[in-house]
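In what follows, a structure is listed as structure tokens, so that the remarks can point back to it.
The values are calculated or read from the model by the stated rules, or taken from the named source; none is laboratory data. It should be emphasised that the depicted structure is a prediction, and the values quoted were computed from it without experimental measurement. Don't worry about glycine lacking a Cβ; one is built from the backbone with ideal geometry, like all the others, and counts go over all protein chains shown.
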Amino acid sequence: MSGFTLRNDRAANNAALFFKRWLANPLQMGSIIPSSATFCRLIAERAERAEDEVVVELGAGTGVITRALLAAGVPAEKLLVVEIVPEMAEHLRQSLPGVQVVCGDGFELPEVLRAAGNPKVGDVVCGIPLVMLPKDAQARIVGAMLAASPKRGFLHLSYCITSPLPKARLGLKGGRLAYTFMNFPPGGVWRYAPAG
């Protein structure tokens, strides 16, 4: 079987699993299809970590961004993926050998990290559609990500043209780093860090 056929099969399986999950809970998903290779590459190229730090990914879905992070040079053992949906977490464990996958809640990120042995965290990459969350929930998850990476902050992928987060209210600084029309819908990569 050719590599092209394997890639096509994986893409079809990812899309089917992603759409099934979207049907089960549309509000947990930012899109009905996984992010494009171009969008994933834009995100992965901007993830930062020191040699002794891990990259944490929240809301990994079928793992398209995770694969882009691996392709961008993040070692599998330096990736910690947090996925709340058990079926998706199991899919990630099976399809991404060497990557630590935790079935957990991004809102409880400090507790998830403690259970994972308290690794030093570089960037947090957030694929959760934060713009769809109520204000108090936004504050909670932003607080959890900043507790994990207080200096660097976090990367967020969003389909919003303007900032998906109210920076002043949440005590954040930052902005859009990249944008692509090579995705459906078009999307941007945002970096946020504490304003103080």
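Tell me whether segment 142-153 contains one or more residues that are surrounded by fewer than 16 Cβ atoms within 10 Å (Cβ to Cβ) and charged (D, E, K, R).
Yes, the conditions are met somewhere in segment 142-153.
Checking the structure you have, find out if any residue of segment 115-138 is closer than 16 Å to TYR192 by Cβ, of a type in the set (Asp, Glu) and at pLDDT 95 or above.
Yes, segment 115-138 contains at least one residue that is closer than 16 Å to TYR192 by Cβ, of a type in the set (Asp, Glu) and at pLDDT 95 or above.
Report, by residue number, each residue of segment 154-164 that is crowded, with 20+ Cβ neighbours inside 10 Å and either part of a loop (DSSP other than H, G, I, E, B) or on the phi > 0 side of the Ramachandran plot (or both).
PRO164
Inside segment 56-125, counting only helices (runs of 4 or more DSSP H) that do not spill past its ends, which hold 1 or more residues that are without any contact (Cβ under 8 Å) to a residue 12 or more places away in the chain?
86-95, 109-115
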